[in-house]
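The values are calculated or read from the model by the stated rules, or taken from the named source; none is laboratory data. This structure is a prediction, so every number in the text was calculated from the model and none was measured. When the accessible area is computed, the model is the full protein with side chains, heavy atoms only, and any ligands, DNA or RNA have been set aside. Shrake-Rupley method; radii C 1.70, N 1.55, O 1.52, S 1.80 Å.
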Amino acid sequence: VQLQASGGGLVQAGGSLRLSCKASGFTFTSYAMGWFRQAPGKEREFVANILRNGPITRYADSVKGRFTISRDNAKNTVYLQMDSLKPEDTAVYYCAADRGLTGAQSTSYIDLWGQGTQVTVSS
């Protein structure tokens with residue numbers, strides 16, 4: 001059972017990045033998928049999620065209109081397109097999976113975590 005995140009990096013403010021998370025070892029379509037992030041000295045926070053078969057998505061207010069989550073069930077992969085990045089988006093981004101019907105926005109309800117990928121936005 002594994003979630004392998006990739007796509008992080010260093011980008012200037014206003015730029016874009018696309019994160020990917022490849023799932024393996026479990027039935028991908030049985031899980032809602034999401035992204036959380038954790039900045040230094042702060043708690044891990046919800047960013048976005050997408051239900052099992054899409055297209056219902058939810059976003060944190062801080063990223064609404066700038067980030068887009070999507071999933072490709074044929075590839076067992078979830079994506080996070082991040083546009084108009086700001087320095088305050090700097091964090092380690094974690095892919096997450098939960099079996100809930102509505103998608104978890106709290107870390108307490110996450111069943112599986114990926115290893116995290118660093119996103120750094122310079123001003």
Note to self: Before I look further, what does the chain give for accessible area per residue, probe 1.4 Å, in whole square angstrom?
What the structure shows: 50 Å²
Next item on the list: Just need the relative contact order of the chain here, percent rounded to a whole number, with Cα pairs under 8 Å and 6+ apart.
Entry: 36 percent
Item checked: Sequence-distant residues sharing a close amide H with THR90 (under 5 Å, placed H) -> VAL121
Notebook entry, point to check: Taking every eigenvalue of the Cα gyration tensor of the chain, multiplying by 5 and rooting it, what semi-axes result, largest first, whole Å?
Noted result: 22, 14, 14
Next item on the list: Report the far tail of the P(r) of the range 1-65, meaning the percent of Cα-Cα pairs longer than 18 Å.
Entry: 50 percent
